[in-house]
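The values are calculated or read from the model by the stated rules, or taken from the named source; none is laboratory data. Everything numeric in this text was worked out from a predicted model, so none of it was measured. Ideal geometry is used to build each Cβ from the backbone, glycine not excepted, and the neighbour counts take in all protein chains shown.
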Amino acid sequence: MSDRILEVENLTVDIPVGGGMLHAVQGISFHVDRGETLCIVGESGCGKSLTSLAVMDLLPSKAFRGANVLNLADEDMLSADERRMSDIRGNTMGMIFQEPMTSLNPAYTIGNQMEEGIKRHKNVSTAEARERAIYLLEKVGITGAASRLSQYPHQLSGGLRQRVMIAMTLMCGPNLIIADEPTTALDVTIQAQILLLLAELQREFDMGLILITHDLGVVARIADRVAVMYAGQIVEQGTAEQVFNRPTHPYTQGLLECIPIPGKTDRSKPLGSIPGIVPSLIGKFSACHFAERCPYAMDECVAENIDMQGAAEAGHEYRCLLDNETCDANARKKGVA
Amino acid sequence: MTDGSIKSRTGVHIEDRIIDEPSPGERARKRMFSHVGFMIGGFVLLVIIALAFLAPLISPHDPLDQQLARKLIPPIWHDHLKVTWAHPLGTDQFGRDYLSRLIHGSQISLLIGFSAMLISGVIGTALGVAAGYFGGRVDMVVNFLITTRLSMPVILVALAVVSLVGNSLTIVIWVLGLLIWDRFAVVMRSTTQQVRNLDYVVAAQAIGCSVPRIIFTEIMPNIVNNLIVVATIEMAHAIILEAALSFLGLGVQPPAPSWGLMIAEGKNHMLFDPWLIGIPGTALFILILAINLLGDGIRDVTAPENRN
Amino acid sequence: MLIYAVKRLSVAILVALTVSLLTFSMIYLSGDPAMALAGEAATQADIENIRRVYGYDQPIYVQYFDWLGNALKGNLGQSHYLNSPVSEVIFTRLPVTMILGASALSFGLLLAIPLGVLAAMRPNTLIDRFALGLAVIGQALPSFWFALIMIFFFGVALRWLPITGSDSWLNFVMPSIALGYYITPAVMRLTRAGMIEVLSSDYIRTARAKGLRPSIVLFKHALRNAIIPVVSLAAVQFGFMLGGSIVIETIFAINGLGQLAWESILRADLPMMQAIVLVLSCFYIILTLVADILNAFLDPRIRVS
């Protein structure tokens, strides 16, 4: 079996809305290998959540999904029907959502909800399922695991519920986990714990992890590779080291300017900001989506769509017409490189 | 909402984005007139009300006029010898013109429906608003009253009371009015509770407005929408109850042309002359339907989030 | 949970007492009950006699407590017309009404809940509009007229079903439908609304993400939560339905409590009337209590606190 767990090429998501067709995700490509953490980072509304739903085929019924390639460990998911997808979900591919407070069914015990997944996908007895549940609850750091199984979700705090969600997602031993802003709804103090937990589990179970977030601090902590999304497109992709230390795309540079990173940001200068607002993605739109707000925009930038181009190092690409040297120079001038 | 044009740093011109929105009043009116149920229900109800008011003018005959020679003539659409345009909806077993009785019957249904709704509305709203506004003991007492009222079978009690006190139009109206206030109380109570805690009500309290003033100027305007919706529900409820009471013989007295009574009187001839129950029943159905559609429409237009 | 039940129980008892008071006072609505009982040709001596025999000469509160005391012992007095104890008569007629009520409830729910679920699964489609249309029509249809229409078509014109009496189960088909559809609109709407809300909730998304089969997601996860308020509503509506059975029973000549109530009203058999109102009210109170407790029980957030 190859190391590549997920291969996505030219994924699109279109949703018909009142004013026309919303092109929420416009041809993004990325991949995740075994044991690797890919962080998809971007502001609210850039399409990152829809990307994860598209991979799982859990989009709302109104939405249209398209892709050239969508492979889960060499299996083509584009041709998989709903039965096959339902076999895959929760089994070889799992997802953790943002709101732990409402993501568990209030009517059933923790144990019931954890065991039903593995009993559905694998031929295990109730006792075996229960054993695995206890094992995983302990793995995620929950004490008194056996008694927790008979508790109801409302009896647990938000942090505990998210741990339960993580354990629940691991029940069938998936190869890939997609975590959509798993810590956003939690206290800051808990956030760090949950993230470290995810990273640890990923290492231990040798899974691929896609972490979706808007928090660059989170990314800095645990990402192996980073994809920066803006207005439905990936504008920069590379290893964490590449993207953080040599940000190429003006948006990434702008982001890093805005966010104070301990050790990097110059404390004497004011924090940056990116003027303007995100463009509407309804209807035809060809041009660099960031052009309106870009300090370096040229006339060519609004003419037509811009493809990804490679940066200096292998595996590092960005979607801009400016060449690499100019971008490097800009980054250094801003103080983010 | 952005005004004017946006220029990028390079001077590239992005188009103006001026957003022109209609006012809330215009929006509400637009919603109203495009709501099919509201329009149909309202229109039909207006027609029936008009019929009720114009009854003496438009009825071809006196609804109480018995002409035994002309009894049991079928309506105009039947294929029968006796059918005549003098009695387009036929006649009943006493030779009374059905169309006239139908038109006059609308007076009874509307009068009772409206009056009972008014009485129960006043009682229920007073109790509900008091409970919602003052809370505490007042709320407890009102809740107790509501629970007690809900524990009594309405039709049975109405029948029993009417049989003991006597059945005139007034008594029926009062009995119904004193029995169906519960929904008013429940809905007004919860709505008042919600409004009570809104900032501007608290602000009015803080600046020392008197309680009646707060209730009438701050709270009432906000619960009026729900009030109207419940009013339509209870009006329909009262009309059905009166029809049931009259059907059982303990509502409006004969020879009044109450639609329920017409159904009761026609019941025994149902086999051969089904229109005797078909026509008044359909009239009842249409009236109730119209009121319900109107109420649903009002609720949709004013507070779509309460839709179920 | 226990405290909740005890609180509700004490309120229920208080309500029952109030209802008993109101029911008791019914007897005075027509003026002097002794006079009413004696009839028009009675002499003053007759009236005084009756007054003494029935205890109407006692102070009112004594009469009430006597009556209440007896009622609690199961003695609801003697029927003025049937010459047998009221409780006995009620007891014999009650089962028929219960059967009618149960089958009507089953019909109503079996129609309402699946329709509500289907409508919620496909909102704004044909089935949704059909369900909502059915609800709208159902709310506008007077039950006694609906019963007559059914009698005309199924009983008379088509002769499929018997129209009077309570001998076989066939007798109960039309009455159950006429009585049961009364609760269908409200239950259907509540089921639909509840399902729509639940189906868009996060835990359903989680269930789908776990790859659970669609039927499991729908029934084990969604319906289980959506049905909670429906259970309470159904219990309460069941009570209203029983009250409305008086109309249906008289139309179909079914020998139940409703028919008995009707007869006693016609004959001004006061003790019987009072007793029936009291029994039905107590039944309502118990139903509401049961509904509340069921509600709390079905929702673990209340049950396990």
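Of everything in the range A:261-276, what is under 23 Å from residue A:37 (Cβ atoms) and either without any contact (Cβ under 8 Å) to a residue 12 or more places away in the chain or touching a strand residue (DSSP E or B) at 6+ places or on another chain (Cβ under 7 Å) (or both)? Give them in sequence order. If the condition is that a residue be under 23 Å from residue A:37 (Cβ atoms) and either without any contact (Cβ under 8 Å) to a residue 12 or more places away in the chain or touching a strand residue (DSSP E or B) at 6+ places or on another chain (Cβ under 7 Å) (or both), then A:262, A:263 are the ones that fit.
Every residue, every condition in (1) within 14 Å of chain B (Cβ to nearest Cβ); (2) surrounded by fewer than 21 Cβ atoms within 10 Å (Cβ to Cβ), yes or no:
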position	(1), (2)
A:252	no, no
A:257	no, yes
A:281	no, no
A:301	yes, no
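If the condition is being at the interface with another protein chain (Cβ under 8 Å from one of its Cβ atoms) and in contact with a Leu (Cβ under 8 Å, 6 or more places away or on another chain), then the range B:237-252 contributes B:240, B:243, B:247, B:248, B:250.
For the range A:197-316, please list each of the strands (runs of 3 or more DSSP E) lying entirely inside it that holds at least 2 residues being of a type outside the set (Ser, Thr, Tyr) and touching a Leu at 6+ places or on another chain (Cβ under 9 Å). Explain how you work it out, then say what you get.
Values: elements: A:208-213, A:225-230, A:233-239.
Ranges flagged: A:208-213, A:225-230.
Within the range C:41-54, the residues that satisfy the criterion of being surrounded by 14 or more Cβ atoms within 10 Å (Cβ to Cβ) and not hydroxyl-bearing (Ser, Thr, Tyr) are C:42, C:46, C:47, C:48, C:49, C:50, C:51.
Taking the stated definitions as given, is residue B:213 surrounded by fewer than 23 Cβ atoms within 10 Å (Cβ to Cβ) and either free of Cβ contacts under 8 Å to residues at least 12 places away in the same chain or acidic (Asp, Glu) (or both)?
Numbers: surrounded by fewer than 23 Cβ atoms within 10 Å (Cβ to Cβ): yes; either free of Cβ contacts under 8 Å to residues at least 12 places away in the same chain or acidic (Asp, Glu) (or both): yes.
So residue B:213 passes the test.
Taken over the range B:168-182, the criterion of being touching a helix residue (DSSP H, G or I) at 6+ places or on another chain (Cβ under 8 Å) and assigned to a loop (DSSP other than H, G, I, E, B) is satisfied by B:180, B:181. For the range C:221-239, the count of residues that are under 29 Å from residue A:100 (Cβ atoms), in contact (Cβ under 8 Å) with a residue 24 or more places away in the chain, among the aliphatic types (A, V, I, L, M) and within 13 Å of chain B (Cβ to nearest Cβ) is nonzero. Among the residues that make up the range C:242-254, is at least one of them more than 12 Å from chain B (Cβ to nearest Cβ), aliphatic (A, V, I, L, M), closer than 29 Å to residue C:164 by Cα and part of a helix (DSSP H, G or I)? No: the range C:242-254 contains no residue that is more than 12 Å from chain B (Cβ to nearest Cβ), aliphatic (A, V, I, L, M), closer than 29 Å to residue C:164 by Cα and part of a helix (DSSP H, G or I). All of B:187, B:161, B:129 fail the test of being of a type in the set (Val, Ile, Thr), in a helix (DSSP H, G or I) and within 13 Å of chain C (Cβ to nearest Cβ), apart from B:161.
A single member of A:53, A:59 is in contact with a Leu (Cβ under 6 Å, 6 or more places away or on another chain), part of a helix (DSSP H, G or I) and under 24 Å from residue A:213 (Cα atoms), and it is A:53.
Quick one: is residue C:137 closer than 25 Å to residue C:245 by Cα and crowded, with 19+ Cβ neighbours inside 10 Å?
Details: closer than 25 Å to residue C:245 by Cα: yes; crowded, with 19+ Cβ neighbours inside 10 Å: no.
For residue C:137, the condition - closer than 25 Å to residue C:245 by Cα and crowded, with 19+ Cβ neighbours inside 10 Å - is not met.
The single residue among C:176, C:79, C:106 that is surrounded by fewer than 20 Cβ atoms within 10 Å (Cβ to Cβ), among the polar types (S, T, N, Q) and out of contact with any His (no Cβ under 9 Å at 6 or more places or on another chain) turns out to be C:106.
Here's a check for you: in the range B:132-158, which residue that is assigned to a helix (DSSP H, G or I) and more than 30 Å from residue B:211 (Cα to Cα) is farthest from the other protein chains (Cβ to nearest Cβ)?
Kept after step one, since they are assigned to a helix (DSSP H, G or I), are these residues of the range B:132-158: B:132-134, B:136-150, B:154-158.
After this cut, where a residue has to be more than 30 Å from residue B:211 (Cα to Cα) as well, the list is B:154-158.
Working: B:154: 6, B:155: 6, B:156: 6, B:157: 6, B:158: 10 Å.
Top of the filtered list is B:158.
For residue C:284, the conditions (1) part of a helix (DSSP H, G or I); (2) at pLDDT 85 or above; (3) more than 13 Å from the chain's Cα centre (by Cα) are fulfilled apart from (3).
Taken over the range B:209-245, the residue count meeting the criterion of being at pLDDT below 85 and either within 30 Å of residue B:264 (Cα to Cα) or among the aromatic types (Phe, Trp, Tyr) (or both) is 1.
Evaluation of residue A:305 against the conditions (1) surrounded by fewer than 17 Cβ atoms within 10 Å (Cβ to Cβ); (2) within 14 Å of another protein chain (Cβ to nearest Cβ) shows that the sole unmet condition is (2).
Quick check on residue C:156: is it without any contact (Cβ under 8 Å) to a residue 60 or more places away in the chain and under 30 Å from residue B:270 (Cα atoms)? Working first, answer last.
On the way: without any contact (Cβ under 8 Å) to a residue 60 or more places away in the chain: yes; under 30 Å from residue B:270 (Cα atoms): yes.
In short, yes.
I'd like to check something: does the range B:212-233 contain any residue that is within 27 Å of residue B:178 (Cβ to Cβ) and within 11 Å of chain C (Cβ to nearest Cβ)? Yes, that holds for at least one residue. Within the range B:286-304, the set of residues being surrounded by fewer than 18 Cβ atoms within 10 Å (Cβ to Cβ) and either of a type in the set (Lys, Arg) or at the interface with chain C (Cβ under 9 Å from one of its Cβ atoms) (or both) comprises B:286 only.
Of all residue pairs spaced 6 or more apart or on separate chains, those with beta-carbon atoms under 6 Å, a first member in the range A:89-108 that is at the interface with another protein chain (Cβ under 7 Å from one of its Cβ atoms) and closer than 15 Å to residue A:163 by Cβ and a second member that is buried (at least 20 other Cβ atoms within 10 Å of the Cβ) and of a type in the set (Phe, Trp, Tyr) are A:103/A:97; A:103/C:203; A:104/C:203. For the range C:172-181, filtered to residues that are touching a residue at least 24 places away in the same chain (Cβ under 8 Å) and touching a Leu at 6+ places or on another chain (Cβ under 8 Å), the residue that is farthest from the other protein chains (Cβ to nearest Cβ) is C:172. Being farther than 23 Å from residue A:53 by Cα and facing chain C (nearest Cβ under 10 Å) is not true of residue A:113. On the given criteria, is residue C:186 touching a Ser or Thr at 6+ places or on another chain (Cβ under 7 Å), buried (at least 20 other Cβ atoms within 10 Å of the Cβ) and part of a helix (DSSP H, G or I)? Criteria not met by residue C:186. Taking the range A:103-123, which residues are in a helix (DSSP H, G or I), surrounded by 24 or more Cβ atoms within 10 Å (Cβ to Cβ) and either in contact with a His (Cβ under 8 Å, 6 or more places away or on another chain) or small (Gly, Ala, Ser) (or both)? Passing the criteria: only A:117.
Scanning the range C:107-153 for residues that are of a type in the set (A, V, I, L, M, F, W, C), at the interface with chain B (Cβ under 10 Å from one of its Cβ atoms), closer than 21 Å to residue C:254 by Cβ and without any contact (Cβ under 8 Å) to a residue 40 or more places away in the chain gives C:145, C:146, C:149, C:152, C:153.
Quick one: count up the residues across the range C:198-220 that are more than 7 Å from chain A (Cβ to nearest Cβ), part of a helix (DSSP H, G or I) and polar (S, T, N, Q). Total satisfying the criteria: 1.
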